[in-house]
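Working notes for the structure below.
The values are calculated or read from the model by the stated rules, or taken from the named source; none is laboratory data. In this text the structure is predicted, and so the values were computed from the model without any measurement. Note that each Cβ is placed from the backbone with ideal geometry, even for glycine, and that neighbours are counted across all protein chains shown. Ligands, DNA and RNA are stripped out before the accessible areas are found, and what is left, the full protein with its side chains, is counted by its heavy atoms. Shrake-Rupley method; radii C 1.70, N 1.55, O 1.52, S 1.80 Å.
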Amino acid sequence: MFGKLCGIDEAGRGPIAGDLVIAGCILSAHVEGLNDSKKLNEKKRESLYELIIKNSTYHIVKFSAKEIDDNGISLCIKKGLLEIMSTLTCKEYLFDGNSNFGITGLPTMIKADGKVAEVSAASILAKVTHDRNIIKDAKKYPQYQFEKHKGYGTALHVDMIKKYGYCEIHRRSYKLKALEATLF
């Protein structure tokens, strides 16, 4: 039965640059092909994103690198979860993972993004939003090649930081051993 569950997932928790994106999704119709966003290629995620938008009620929350540095990732996630729960009224909520960040009435399930359609849909909304934002940032800061690593701490990204320093979308509170000797 559609409309009884709000699935919630996030994208961008691990990168050292870019936004954290949390999405909540209540499906109003069946969407074929849903799965964990990480198991889908970019083209499939993009096509599903459009179908999800047309067949759901959703809310997307973003936190900048500065907000993550100022508040910490856990508090940002908690704020995002609370905003989704207060914006999307639903009988039940389900968050992907093993922590509800202290929020009463928010059950969790490990790998829910691959098991529960609403969480899969939220996973796709969050991932596509995150990736679209980092691609925009790549145009603003081409020297970092964000389009290649999506803000994760790859060897290429670390080399670019060593060469150019941080830009405004880097999370300075995320410490990498590979950078400690050069930047701190």
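Annotation: Tyr166 fulfils all but one of (1) among the aromatic types (Phe, Trp, Tyr); (2) in contact with a Leu (Cβ under 7 Å, 6 or more places away or on another chain); (3) open to solvent by 50 Å² or more (accessible area, probe 1.4 Å); the unmet one is (2). Can you pull out every residue in segment 126-155 that is among the aliphatic types (A, V, I, L, M) and touching a helix residue (DSSP H, G or I) at 6+ places or on another chain (Cβ under 6 Å)? Selection gives Val128, Ile134, Ile135, Ala138. If the condition is being touching a residue at least 24 places away in the same chain (Cβ under 8 Å) and either small (Gly, Ala, Ser) or in contact with a helix residue (DSSP H, G or I) (Cβ under 8 Å, 6 or more places away or on another chain) (or both), then segment 68-96 contributes Ile68, Gly72, Ser74, Cys76, Gly80, Tyr93, Leu94, Phe95, Asp96. Looking across segment 133-174, just one residue is in a loop (DSSP other than H, G, I, E, B), within 19 Å of the chain's Cα centre (by Cα) and free of Cβ contacts under 8 Å to residues at least 40 places away in the same chain, and that is Thr154. The residues in segment 78-114 that are polar (S, T, N, Q) and in contact with a Pro (Cβ under 6 Å, 6 or more places away or on another chain) can be counted, and the count is 0. Restricting segment 83-110 to residues that are closer than 18 Å to Lys4 by Cα and among the aliphatic types (A, V, I, L, M), the residue that is most open to solvent (accessible area, probe 1.4 Å) is Met109. Restricting attention to segment 14-29, the residues that are open to solvent by 40 Å² or more (accessible area, probe 1.4 Å) and modelled with pLDDT of 95 or more total 1. Scanning segment 169-184 for residues that are more than 13 Å from Ile16 (Cβ to Cβ) and either surrounded by 11 or more Cβ atoms within 10 Å (Cβ to Cβ) or touching a Gly at 6+ places or on another chain (Cβ under 7 Å) (or both) yields one hit, Thr182.
If you check Lys38, Lys62 for being closer than 19 Å to Val116 by Cβ, open to solvent by 20 Å² or more (accessible area, probe 1.4 Å), in contact (Cβ under 8 Å) with a residue 60 or more places away in the chain and not hydroxyl-bearing (Ser, Thr, Tyr), only one passes: Lys38.
One line per residue, one yes/no per condition, for (1) surrounded by fewer than 16 Cβ atoms within 10 Å (Cβ to Cβ); (2) at pLDDT 95 or above:
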residue: Lys115; (1), (2): yes, yes
residue: Ser120; (1), (2): no, yes
residue: Ala126; (1), (2): no, yes
residue: Asp131; (1), (2): no, yes
residue: Gln145; (1), (2): yes, yes
residue: Lys148; (1), (2): yes, yes
residue: Gly153; (1), (2): no, no
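So that you can scan it fast, the table gives a plain yes or no per residue for (1) of a type in the set (Gly, Ala, Ser); (2) within 25 Å of Glu168 (Cα to Cα); (3) assigned to a strand (DSSP E or B); (4) touching a Leu at 6+ places or on another chain (Cβ under 9 Å):
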| residue | (1), (2), (3), (4) |
| --- | --- |
| Glu50 | no, no, no, no |
| Val61 | no, yes, yes, yes |
| Lys66 | no, yes, no, no |
| Asp70 | no, yes, no, no |
| Cys76 | no, yes, no, yes |
| Met85 | no, no, no, yes |
| Thr89 | no, no, no, no |
| Leu94 | no, no, yes, yes |
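Going by the conditions given, is Ile26 of a type in the set (Val, Ile, Thr) and in a helix (DSSP H, G or I)? So Ile26 fails the test.
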